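Just passing along the structure, written as structure tokens.
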Amino acid sequence: MKQEAFNIQQEIERIKEEFDFDYVGVALVQSPDRRFELRWKHVTGNQSDRHRRISLQSGKGIAGLVFKTGKPMFIANADEELGREDLYNYPIVVAEGLKSFGAIPLYKYNRVKGVLLVGYRTDEKLTVELFQEFRKRIGSEFGPFYSKEMVLE
């Protein structure tokens with residue numbers, strides 16, 4: 001039986017519509033010869049193409065932190081929790097004007113291979129409950145990736 005190819009772009013557009021997110025993006029890890037650099041490869045709801053120029057190393061920015069720790073990140077109010085003076089460390093937040101967002105690691109072969117980011121341009125719009133509902137609804141698999149945390153729960 002032939003399995004239909006997974007289309008990441010279509011899936012993030014579906015997620016955006018289902019939850020009425022302002023922005024959904026997937027950052028993928030580049031090859032080891034590029035020092036595990038992360039780049040935003042699939043986005044929807046973007047205000048500009050600045051995401052194309054963002055390149056992150058492990059531990060830097062949202063994608064870099066989620067990649068490094070392998071744990072989800074949830075921010076209800078970026079200005080309060082990250083501090084306005086520290087926002088430059090989160091280029092996608094600044095580029096897209098995100099105020100509340102969440103990100104989960106995407107695993108493949110027991111290694112983080114990507115990060116799925118969802119967010120709003122309004123403070124406090126993404127609640128803990130909504131973030132948990134989103135994680136539950138996308139399930140333990142996201143195309144070729146899976147959520148290690150979901151599998152363990």
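The values are calculated or read from the model by the stated rules, or taken from the named source; none is laboratory data. Small disclaimer: the values here were computed from a predicted structure and weren't measured. Cβ atoms come from the backbone with ideal geometry, glycine included; neighbour counts cover every protein chain shown. Accessible surface areas use protein heavy atoms only, side chains included; no ligands, DNA or RNA. Shrake-Rupley method; radii C 1.70, N 1.55, O 1.52, S 1.80 Å.
Got at least one residue in the stretch 88-107 being of a type in the set (S, T, Y) and part of a helix (DSSP H, G or I)?
Checked against the condition, which is being of a type in the set (S, T, Y) and part of a helix (DSSP H, G or I), the stretch 88-107 yields at least one hit.
What pairs come up if the first residue lies in the stretch 86-99 and is among the small types (G, A, S), the second is surrounded by 15 or more Cβ atoms within 10 Å (Cβ to Cβ), and their beta carbons are under 9 Å apart, counting only those six or more places apart or on different chains?
A95/N46; A95/H51; A95/I54; G97/D22; G97/Y23; G97/R121
Looking at A95, A76, A63 in this structure, which one is at pLDDT 95 or above and within 26 Å of R14 (Cβ to Cβ)?
That would be A76, the only listed residue that is at pLDDT 95 or above and within 26 Å of R14 (Cβ to Cβ).
For the stretch 37-69, give me each residue that is open to solvent by 40 Å² or more (accessible area, probe 1.4 Å) and under 15 Å from L98 (Cβ atoms).
Passing the criteria: N46, Q47, R50, L65.
A follow-up question, please. Of these, R84, R135, which one is open to solvent by 20 Å² or more (accessible area, probe 1.4 Å) and farther than 23 Å from H42 by Cβ?
Just one listed residue meets the conditions, R84.
Quick check on the stretch 100-121: of everything there that is aromatic (F, W, Y) and touching a residue at least 60 places away in the same chain (Cβ under 8 Å), which residue is surrounded by the most Cβ atoms within 10 Å (Cβ to Cβ)?
F101
What are the pairs, 6+ residues apart or on separate chains, where a residue within the stretch 25-37 that is closer than 12 Å to F67 by Cα and β-branched (V, I, T) has its Cβ under 8 Å from a residue that is open to solvent by 40 Å² or more (accessible area, probe 1.4 Å) and at pLDDT below 85?
Going by the 8 Å Cβ cut-off, the qualifying pairs are V29/F36.
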